[in-house]
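Everything on this sheet refers to the single structure shown next.
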Amino acid sequence: MESLRGQFLVAMPDMGDDRFRETVIYLVGHGDEGAMGLVINQSLEDMKFADILEELQLGDKDELIQLPEAVRNRKVLRGGPVQKSRGFVLHSSDYFRVGNSYEVTDDICLTATLDILKAMAFKNSPSDALFALGYCGWSPGQLETEIQGNGWLTVPFSRELLFGLPIENRYDAALASLGITRATLSATAGHG
C-alpha cells in the first residue's frame, strides 16, 4: 500500500473500537514501521489551552490572564489513546525548528516541544496550529488490515478540514469530501 502520510482516516460506522467512533485522524506517518496519527475532531471538554500553559508553567499568572480569549480558550484535542499526557502540535510550515519539528508534508509539520506552545501563546505563531494530547499508533501492517476490513475510509488532505472548520463539523466534512453523508455511509464497503 502506498503511504497515506499527510492524509486523513475517517472511521466507518462499524468500527469495533469505541475510542475511534466518528473520528477523523490526520496521519503524520505511515510506512513499513507502522503508522501514527492524531484525532482532529474530538476535544477534551474539561481542558483549554490556558490550562496546559499554566500546568507547564509557561507564563506567570498575570501573563496568562492577559492572553487573548481566543488563545486562552483554544481547544485541546484528544489526539488518541497512546501517551495521553504527551502533547503534539500539528501546524503550518511557517514555524519549523531543526531537530524539533518533523515535516509531515511541505505544508504541515509536527512539533512536540514547549517552545511551540510558547510561540502559540505569546507570538501568534505558527499561523495555523492545533494542539492534541496523545496519539494513535498502528504496528506494521495493522492499519492496512483495518482499512481492508472496512474500518477506515481514506480522505485526501484538505487544509480547511485540518485547520479551518470547527472541530464538531470535521467528520461530516470529511465524508462530504468523498460525496458521502452519514445517511448514505454503509457499514460495508466493496473491494474490487
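The values are calculated or read from the model by the stated rules, or taken from the named source; none is laboratory data. What you see is a predicted model, and the numbers here were worked out from it, not measured in a lab. Using ideal geometry, Cβ is built from the backbone for each residue, glycine included, and neighbour counts are taken over all protein chains shown. Side chains included, ligands, DNA and RNA excluded: accessible areas come from the protein's heavy atoms. Shrake-Rupley method; radii C 1.70, N 1.55, O 1.52, S 1.80 Å.
Test residue 54 against the criterion of being assigned to a helix (DSSP H, G or I), out of contact with any strand residue (DSSP E or B) (no Cβ under 8 Å at 6 or more places or on another chain) and at pLDDT below 95, and give yes or no.
Spelling it out, residue 54 is indeed assigned to a helix (DSSP H, G or I), out of contact with any strand residue (DSSP E or B) (no Cβ under 8 Å at 6 or more places or on another chain) and at pLDDT below 95.
Across the stretch 8-32, what is the total count of residues that are farther than 14 Å from residue 144 by Cα and assigned to a loop (DSSP other than H, G, I, E, B)?
Going through the stretch 8-32 one residue at a time, the tally reaches 9.
With respect to residue 184, determine if the residue is more than 30 Å from residue 68 (Cα to Cα), of a type in the set (Val, Ile, Thr) and open to solvent by less than 80 Å² (accessible area, probe 1.4 Å). Steps first, answer last, please.
Values: more than 30 Å from residue 68 (Cα to Cα): yes; of a type in the set (Val, Ile, Thr): yes; open to solvent by less than 80 Å² (accessible area, probe 1.4 Å): no.
Judged against the criteria, residue 184 is not a match.
Could you give every pair whose Cβ atoms fall below 6 Å, whose first residue belongs to the stretch 85-106 and is closer than 19 Å to residue 161 by Cα and part of a loop (DSSP other than H, G, I, E, B), and whose second residue is open to solvent by less than 40 Å² (accessible area, probe 1.4 Å) and of a type in the set (Val, Ile, Thr), counting only separations of at least 6 or pairs across chains?
Close Cβ pairs (under 6 Å, with a partner that is open to solvent by less than 40 Å² (accessible area, probe 1.4 Å) and of a type in the set (Val, Ile, Thr)) amount to 104/28.
Considering the stretch 51-98 alone, what residues qualify as being open to solvent by 80 Å² or more (accessible area, probe 1.4 Å) and on the phi > 0 side of the Ramachandran plot?
57, 83
Tell me which of these residue 127 doesn't satisfy, since it passes every other one: (1) closer than 30 Å to residue 61 by Cβ; (2) touching a Ser or Thr at 6+ places or on another chain (Cβ under 6 Å); (3) touching a residue at least 60 places away in the same chain (Cβ under 8 Å).
Looking at each condition in turn, residue 127 falls short on (3).
Out of the residues in the stretch 107-124 that are open to solvent by 40 Å² or more (accessible area, probe 1.4 Å) and touching a residue at least 60 places away in the same chain (Cβ under 8 Å), state the one that is nearest to residue 72 (Cα to Cα).
Once the filter is applied, the top-ranked residue is 122.
Quick one: count up the residues across the stretch 11-46 that are buried (at least 21 other Cβ atoms within 10 Å of the Cβ), in contact with a helix residue (DSSP H, G or I) (Cβ under 6 Å, 6 or more places away or on another chain) and over 18 Å from residue 90 (Cα atoms).
Residues meeting the conditions: 1.
Can you name the residue in the stretch 145-156 that is of a type outside the set (Gly, Ala, Ser) and within 12 Å of residue 9 (Cβ to Cβ) and is also most open to solvent (accessible area, probe 1.4 Å) among such residues?
The extreme case among them is 156.
Taking residue 127 and the conditions (1) crowded, with 19+ Cβ neighbours inside 10 Å; (2) among the small types (Gly, Ala, Ser); (3) under 25 Å from residue 64 (Cα atoms), which numbered condition does it fall short on, given that it satisfies the others?
Only one criterion is unmet by residue 127, namely (1).
Hey, does the stretch 34-48 have a residue that's hydroxyl-bearing (Ser, Thr, Tyr) and over 30 Å from residue 144 (Cβ atoms)?
No; the residues of the stretch 34-48 include none that is hydroxyl-bearing (Ser, Thr, Tyr) and over 30 Å from residue 144 (Cβ atoms).
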